[in-house]
Every structure is written in structure tokens, then in C-alpha cells.
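Written out below as C-alpha cells is the structure these notes cover.
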Amino acid sequence: MKLFVFLSCCLFAGIFVNAQSAVDFANLTKYKDDNAGILSSKKKVDVVFMGNSITEGWVKSHPEFFSENNYTGRGISGQTTSQMLLRFQSDVIALKPKLVVINAGTNDIAQNTGIYDPDFTFNNIKAMADIAQNNGIKVIIASVLPAAAFPWRKEITEVSQKVDALNNRLKQYAGSNKFIFVDYNTAMRDAKGGMREGLSKDGIHPVPAGYAIMEPMIKNAINKTLGKK
């Protein structure tokens, strides 16, 4: 009997740990308090930016761009599309924005959470867009930014080719669903498909000069999607 109780406790503990690991995997607590504050204040959110460190760094680099335009950033450094999909309900849908900007895929290609599968990544982005639409939220798909190599994963090859292939699929998908596709990549790339000099220190994350290119592009797309002048 004691053995049975012990094994039962171990099983329960294992399930609990796995559940906690799933929560930690998506980092659902990162914006929990901020989301609660928005909901309790009954503030109307126009746009949520779902993304990774590029989005998170954007908010830190130029917070006024977000606050002055009633945009809300929900980027988490290092995240892949599977992690974003897991937190899409709490970080996007629950806030009831008019529109979501999805910028994802860099860390999938960098294999942050496992071997890169182009179909899996594409389907995760598509799933986020489908969930948004089903909840009456408009969608903008942003391209993966230029990248020739990952400083933290130098063994990964053909990076720019993988980025271009994913962007081509996303552009086609956006067009067939009448979403705007914002092509940061073309505006920011060099002849080899990497980030143009002066726009990033590490070839991945934009500096203010890089975000200065991105801001009018996304703002124009948002205004067009929402029917603003």
C-alpha cells in the first residue's frame, strides 16, 4: 500500500512538472501582469505585435512608437513559433485588439527549440493568423528579417536561403488571404541576403537605424488595414 501511494505521488509530481514545463516553455507569465492591467483598466488596444527579441527590443528601443500609436508589444527574446502559438490566447486574443502583427520564424531557423521544419513553422504562423481571424482580429504578416548567420548557432548553414524560402511562403499565404505582407527583409538586406551594414550590430537584431526603416512600413500597413488615413 505504501509503495502504491509512493508511486502515485511520483506520477502526480511528474505530471505537475510536465505541466509546469509546458508553461515555462511558452513563458506565459512574462506579460501576465501587464495583460491583467490592460484588462482591468478596460483600455482598448488597437494593435498587438506578436514576436521574438526583435519585437521585444523594438519596444525597449523606441517605446514612444508603441505608446503614441496605441500599439502593444508582446515579443519574447529567443522564442520560436511554437512558443508564440502557445501564448497567443493570453497575449493577443484576450486583449481583444483590432489587429495583430505577426513577426516570427527567425528562431525556428536558428533551431532554438529543435530541428527546423519549414512546414511546422509555417503552419504555426498560419494557426496564429487563423485564431486571430476567428476572433474578429485583423492580421498583418511581417517578413523574417534578413540574416546571413546566427552568432549563437554558427553551425547552421544556408541561413539566408531558409529565410527567403519562408518569406516566400508567408507572402503567398498573406496574398491568398488578403492580408498585408510587410516586407522588412527586402528593405533591409544586403546583396548576400544578410542585414545591411549599419542596421544591426550582430546581423540579427536591429539598432535604431533598422527600426527607423521598419516603423513607417508597418504604420502604413496598419493604417491601411484599419482604414485610417
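The values are calculated or read from the model by the stated rules, or taken from the named source; none is laboratory data. Note that this is a predicted model, so its numbers are computed, not measured. Heads up, the Cβs are rebuilt from the backbone with ideal geometry, glycines too, and the neighbour counts pull from every protein chain shown.
Summary table below
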item: Top-ranked residue of the range 177-212 - restricted to ones that are over 18 Å from Asn52 (Cβ atoms) and of a type in the set (Val, Ile, Thr), ranked as surrounded by the most Cβ atoms within 10 Å (Cβ to Cβ); result: Ile180
item: Subset tally (residues that are among the aromatic types (Phe, Trp, Tyr) and either surrounded by fewer than 20 Cβ atoms within 10 Å (Cβ to Cβ) or out of contact with any helix residue (DSSP H, G or I) (no Cβ under 8 Å at 6 or more places or on another chain) (or both)) for the range 48-88; result: 2
item: Residue that is modelled with the highest pLDDT, among those in the range 149-174 that are surrounded by fewer than 16 Cβ atoms within 10 Å (Cβ to Cβ), assigned to a loop (DSSP other than H, G, I, E, B) and not aliphatic (A, V, I, L, M); result: Glu158
item: Matching residues, the range 21-47, being touching a helix residue (DSSP H, G or I) at 6+ places or on another chain (Cβ under 8 Å), assigned to a helix (DSSP H, G or I) and not aliphatic (A, V, I, L, M); result: Phe25, Lys32, Asn35
item: Filter result for Ile125 (surrounded by fewer than 22 Cβ atoms within 10 Å (Cβ to Cβ), β-branched (Val, Ile, Thr), in contact with a helix residue (DSSP H, G or I) (Cβ under 9 Å, 6 or more places away or on another chain) and at pLDDT 95 or above); result: no
item: Residues within the range 70-118 that are more than 9 Å from the chain's Cα centre (by Cα), small (Gly, Ala, Ser) and not in a strand (DSSP E or B), tallied; result: 7
item: Pairs with Cβ under 8 Å, 6+ apart, first in the range 133-148 and more than 19 Å from Gln89 (Cβ to Cβ) and modelled with pLDDT under 95, second among the aliphatic types (A, V, I, L, M) and part of a loop (DSSP other than H, G, I, E, B); result: none
item: Failed item in (1) within 18 Å of Pro208 (Cα to Cα); (2) in contact (Cβ under 8 Å) with a residue 40 or more places away in the chain, with Glu68 passing the rest; result: (2)
item: In the range 190-224, the residues that are under 19 Å from Ala147 (Cβ atoms) and charged (D, E, K, R); result: Asp190, Lys192, Arg196, Glu197, Lys201, Asp202
